[in-house]
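Reviewing the structure listed below.
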Amino acid sequence: MSTPVINVRGLVKTFGRTRALDGLDLTVEKGEVHGFLGPNGAGKSTTIRALLGQIGVNAGTASVLDLDPWSDAVAIHRRMAYVPGDVSLWPNLTGGEVIDMLLRMRGASAGDRDALVERFDLDPSKKGRTYSKGNRQKVALVAALAGSPELLLLDEPTSGLDPLMEDTFRECVRERVADGCTVLLSSHILSEVEHLCDRVTIIKSGKTVETGSLAQLRHLSRIRVHAVTSSPVDLSGVPGGADLAATDTTVEGTVDGEALTALATALGRAGLVSLETRQPSLEELFRDVYAHGSFEGSPVEVAGAAGRHRSEPTS
Amino acid sequence: MTAAHGLAGTAGLLRLAMRRDRVMVAGWLAALVLTTASSAKATIDLYGDAAAGVAAAHAVNTNAALVAMYGPIFDERSMGSLAIFKLVLLFGALMTILFVVLVRRHTRLEEESGRADLVSATATGPQAPLAAAIVQAGGLALLLGVLVALGNIATGLPTAGSFAFGMAWAGLALFATALTAVIAQLFSSARTVAGMVATVMATLYVARAAGDATDTAWLVWLSPFGWASRMRAYAGEQWWPMALFALAFAVGVALSFWLRSRRDLGDGLIAARPGSPTGTLTGYGSLVLRLHRPGLVGWCLGLFALGAVLGSIAPSAAQFAGSTEVQDMLKRMGGSGLLKDAFLAIETSFMAVAAAAYGVSVVNRAHTEEVSGRLENVLAGGVSRIRLYAWVVGFALVSSTALLACFGLGTGLAFGRAESDVADQTGRLLAAAVGQSPATWAIVALSALAFGVRSSWAPVGWVFLVGSVVVGQIGELLDLPSWVIKASPFAHMPKMPVEQFEVTGAISVIVGLCVVAVVGGALAFRRRDVG
């Protein structure tokens with residue numbers, strides 16, 4: 001396998017007494033769309049700023065396109081593009097002027113700039129001060145997507161976009177990826193992550209919590225169980241990887257893959273009346289990690305609305 | 001990191017800066033060159049015969065207040081010296097604002113707004129924005145120096161002196177550029193950067209003023225304003241102070257690049273302290289007070305200190321013998337009376353301008369709040385428009401008077417101590433300072449009216465303020481009609497402490513117009529669109 005496009009090992013960044021990044025690891029392979037997830041304040045934007053060479057780090061190593069993000073920033077930036085989540089524009093420059101300037105300053109050709117302006121339904125002749133939040137975002141997106149970058153760093157790029165524009169954004173990203181572009185996408189919009197991303201990395205408190213494909217993450221996660229038996233269940237034979245509440249003839253909770261067999265045996269002995277098991281939805285999965293820092297050992301609510309959130313994974 | 005990488009993209013950023021600033025820079029340059037040339041021409045026309053010019057120059061030099069404010073005239077027989085004596089330092093100080101604005105705008109403000117995030121993700125090096133700002137401001141400094149020199153030459157003044165004057169301005173502009181570049185690395189807040197630069201420049205001006213008034217050479221040479229005046233334009237030019245400017249510029253620029261390499265994008269080297277985790281603000285009034293507290297405290301302390309310096313050097317003004325020319329000049333500038341009082345009266349009237357500037361900045365802060373959308377939040381939170389307007393304008397009016405009081409207290413305590421009469425002098429000079437309030441209110445009220453009618457008109461207050469000052473300084477020279485000169489509210493203030501405070505017709509009219517403007521602004525603010 002070729003070297004990863006982004007390779008981060010043990011990154012540490014402190015702001016005063018705060019450890020914004022605390023040994024973070026991140027690997028993004030060539031040609032993939034990599035989801036970068038985590039609760040607010042987890043260090044996503046700090047990581048991206050470090051990858052852009054905007055901030056120096058205290059410890060750890062990082063490489064982007066095989067180069068050092070701090071000392072080779074200019075060389076890296078010629079080959080990539082970035083969209084922040086909160087775009088601020090020059091009040092007296094038009095959107096079109098800003099797009100062309102950003103492309104030129106990257107040394108990129110205009111590429112399909114005009115087509116993108118059209119697709120994002122952007123009026124490039126308006127001045128920066130008159131754009132709404134969503135339109136400022138579009139300006140940065142067009143500038144980033146035009147000119148065929150090898151790498152896209154997207155930090156909540158669709159905040160403020162309407163659903164149709166989100167669809168356009170997804171199409172455009174897929175087209176870029178088909179051309180060989182690599183994407184790091186930080187987002188809180190889980191449907192976006194699920195539609196676009198091959199793999200995801202979830203971070204919390206500046207540390208990497210989980211990384212892998214969505215299917216892998218689901219397997220790591222516990223299975224939701226709801227069972228009714230004809231006689232009281234003896235759960236003493238079920239090993240540690242379970243968090244179950246038994247009331248008389250009802251058992252509910254979560255088990256990991258290893259404890260599942262033991263639970264099934266215990267339930268069988270008590271005489272099964274009904275048994276529901278279910279993979280967690282993506283949203284439950286993230287909620288678990290965001291709230292508890294891992295899939296393991298977390299008390300999971302088995303909501304009455306189980307399974308309503310979304311369908312089973314497609315991958 | 002190699003220097004080449006750090007500076008990559010500087011040319012592109014320079015083009016961006018020139019594109020953004022073309023109107024502003026062209027306007028400033030034109031205004032500065034025209035003001036300078038027309039004021040020089042007017043002086044030459046006014047003192048057609050040399051004797052009158054010599055007498056006027058002598059009168060200036062024998063008045064410590066004027067020497068403190070404008071610097072000395074080195075050659076009383078030189079028409080050029082007389083023509084530029086108000087321009088070279090006092091207008092020079094105002095001129096440097098352009099360069100502070102430019103450097104701050106393209107460095108710290110870009111980082112604060114987040115636009116630097118977009119730019120730094122392109123193929124631009126981390127030092128490029130700073131380099132572009134310095135090249136732009138430095139280039140304009142030299143251009144301005146050449147243009148004002150050519151303007152003066154066009155009015156018939158000698159070439160060498162005109163270039164000395166131009167280079168003195170260029171030197172001040174380069175100094176302001178380098179100073180702003182350094183201070184912009186220290187603080188993450190653009191507002192703090194502006195405040196710190198203004199404080200340093202004002203301190204350097206006061207150091208030069210105190211040095212000139214008391215004939216203390218080291219104070220003069222401490223300050224770039226001292227260097228500028230010692231280039232002795234039209235009075236046996238000295239060129240070597242240019243080396244001091246060049247040295248200061250080089251050191252400042254190198255220091256700013258070094259500091260930039262030691263910090264992250266968006267951060268300051270001096271970290272912002274964390275604030276209170278809980279809030280005690282109870283309404284819009286307390287929000288206004290909280291937002292302005294740091295700035296107001298700084299201004300109060302600054303004006304108090306300035307007052308103390310001027311109050312303590314006032315007695316030395318009496319050392320100068322009172323010739324008839326001096327008496328004439330003092331009648332014009334500060335009213336008749338004791339020399340010391342006249343000195344204080346002139347300085348006090350200048351402080352009315354500073355206090356008005358603060359008031360205008362308060363009103364303009366509300367405009368900034370509105371543009372950024374924060375005002376909408378307040379109005380959506382149940383604060384009525386009238387209440388909001390009343391707090392902004394009320395605070396602007398009261399705080400400008402409070403600043404005058406701080407200055408009066410400073411002069412009073414220091415002068416009283418020097419004269420061993422603290423109680424009386426404090427009361428007298430406090431009253432003298434506060435007595436200038438109607439003029440500051442007029443400027444603030446007009447600003448409030450403009451803000452009330454349309455948010456983007458709030459800067460009209462600055463135009464009115466600068467216009468009043470310029471007209472007051474050189475209106476007579478330019479032979480402007482008297483109604484133009486009288487449009488400045490400062491022209492109508494009593495020359496306290498020389499004169500007594502009296503509610504003259506003019507003052508009643510000014511206060512009446514203030515009320516009309518403030519109420520009119522309130523009514524307009526209730527009707528207009530917000531945001």
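Points worth noting:
- Dipole in debye (nearest 20) - the protein assembly as shown, about Cα centre, beta carbon charges: Lys, Arg +1; Asp, Glu -1: 1320
- Of all aspartates and glutamates in the structure, the ones whose alpha carbon falls short of 17 Å from that of A:LYS126, not counting any fewer than 8 places away in one chain, are A:GLU97, A:ASP100, A:ASP114, A:GLU118.
- Most tightly packed first, judged by the mean number of other beta-carbon atoms within 10 Å of their residues, the peptides B:235-245, A:74-84, B:17-27, B:386-396 read A:74-84, B:386-396, B:235-245, B:17-27.
- Placing unit charges on the Cβ atoms of the charged side chains and taking the dipole of segment A:1-70 about its Cα centre, the candidate lying farthest along the positive direction among A:LEU65, A:PHE15, A:GLY31 is A:PHE15.
- Anisotropy class of chain B from Cα gyration tensor, a/c 1.5 cut: oblate
- Annotation: aspartates and glutamates with alpha-carbon distance below 12 angstrom to B:LYS340 (same-chain offsets under eight excluded): B:GLU419.
- Spatial separation of Cα centroids for segment B:197-234 and segment A:105-119, in angstrom: 54
- Aspartates and glutamates whose Cα lies under 14 Å from that of B:LYS495, excluding same-chain neighbours fewer than 8 positions away: B:ASP341, B:GLU347
- Note on the protein assembly as shown: Cα-Cα pairs beyond 35 Å make up 59% of the total pair count.
- Formal net charge of residues neighbouring B:PHE415 (Cβ-Cβ distance under 11 Å; K, R +1; D, E -1): -2
- 5 angstrom amide H check on B:GLY9, placed H, neighbours 5+ away: B:GLY125
- Rounded, prolate or oblate (a/c below 1.5 giving rounded, otherwise prolate when a/b exceeds b/c) for chain A by Cα gyration tensor: prolate
- Sequence-ordered 3J(HN,Hα) estimates for segment B:348-353 from the Karplus curve with 6.51, -1.76 and 1.60 and θ = phi - 60° stand at 5, 5, 5, 5, 4, 5 Hz, glycine and proline given as x.
- Given A:LYS44/A:LYS207; A:LYS13/A:LYS44; A:LYS138/A:LYS204; B:LYS41/B:LYS86, the pairs whose alpha carbons are separated by over 21 Å: A:LYS138/A:LYS204
- Length added when fully stretched, A:ASP86-A:GLU283, from 0.36 nm per residue minus Cα-Cα: 68.5 nm
- Long-range amide H partners of A:THR182 with built H, under 5 Å: A:GLY31, A:LEU151, A:LEU152
- Across peptide A:67-80, the mean count of Cβ atoms from other chains lying within 10 Å of each residue's own Cβ comes to 4.
- Packing-based order for B:368-381, B:215-228, using average beta carbon neighbours within 10 Å, highest first: B:215-228, B:368-381
- The phi torsions of segment A:77-85, fed into the Karplus equation with coefficients 6.51, -1.76 and 1.60 and a -60° offset, translate into couplings of 5, 5, 9, 9, 9, 9, 10, x, x Hz, rounded to whole numbers, with Gly and Pro shown as x.
- Mean-position separation - Cα centroids, segment A:217-269 and segment B:65-115, in angstrom: 80
- A simple rule links phi to the HN-Hα coupling: the Karplus curve 6.51 cos²θ - 1.76 cosθ + 1.60 with θ = phi - 60°, which for segment B:467-473 gives x, 4, 5, 4, 4, x, 7 Hz, with x for Gly and Pro.
- Note: relative contact order over segment B:50-104, using C-alpha pairs below 8 Å and six or more positions apart, is 30 percent.
- Label zone at B:ARG526 (point 7 Å along Cα-to-Cβ), backbone N below 15 Å, segment B:349-391: B:384-391
- Placing unit charges on the Cβ atoms only, positive for Lys and Arg and negative for Asp and Glu, gives segment B:210-296 a dipole magnitude near 360 debye about its Cα centre.
- Relative contact order (percent, whole number), chain B, Cα cutoff 8 Å, 6+ residue spacing: 15
- Remark: mean inter-chain Cβ contacts per residue of B:260-271 equal 2, using a 10 Å Cβ-Cβ cutoff to other protein chain atoms.
- Residues with amide H under 5 Å from that of A:GLY23, placed H, sequence gap 5 or more: A:LEU11, A:VAL12, A:LYS13
- Relative contact order, percent, chain A [alpha-carbon distance under 8 Å, six or more residues apart]: 18
- Cα→Cβ-extended label distance, 7 Å offset, between A:HIS226 and B:ILE386, nm: 5.9
- Charge dipole (chain B, unit charges on Cβ, about Cα centre) - positive-most of B:PRO126, B:TRP457, B:VAL363: B:PRO126
- Cα-projected label distance for B:THR504 with B:ALA246, points at 7 Å along beta-carbon direction, nm: 5.1
- Pairwise FRET efficiency - B:ARG15 versus B:SER420, Cβ, R0 = 45 Å, nearest 0.05: 0.10
- Label-to-label distance, nm, for residues given as A:VAL12 and B:TRP221 (7 Å Cα→Cβ offset): 5.1
- Averaged over A:49-59, number of beta-carbon atoms from partner chains that fall within 10 Å: 4
- Peptide ranges B:343-351, B:464-472, B:515-523 listed from the most packed, as the mean C-beta count within 10 angstrom indicates: B:343-351, B:464-472, B:515-523
- Signed unit charges on C-beta, dipole axis of the protein assembly as shown, positive-most listed residue B:ILE97, B:SER482, B:GLY311: B:SER482
- Basic side chains Lys and Arg get +1 at the Cβ, acidic Asp and Glu get -1 at the Cβ, and with that the dipole of segment A:1-81 about its Cα centre reaches some 280 debye.
- Between segment A:122-162 and segment A:22-78, the alpha-carbon centres lie 21 Å apart.
- Neighbour net charge for A:THR46 - beta-carbon separation under 11 angstrom, K R +1, D E -1: +1
- Förster radius 56 Å - calculated FRET efficiency between B:ARG77 and A:THR3 (Cβ-Cβ, nearest 0.05): 0.10
All of the numbers you see were taken from the coordinates with simple rules; none came from a lab. Computed from a prediction, not measured in an experiment: that's the story for all the values here. Using ideal geometry, Cβ is built from the backbone for each residue, glycine included, and neighbour counts are taken over all protein chains shown.
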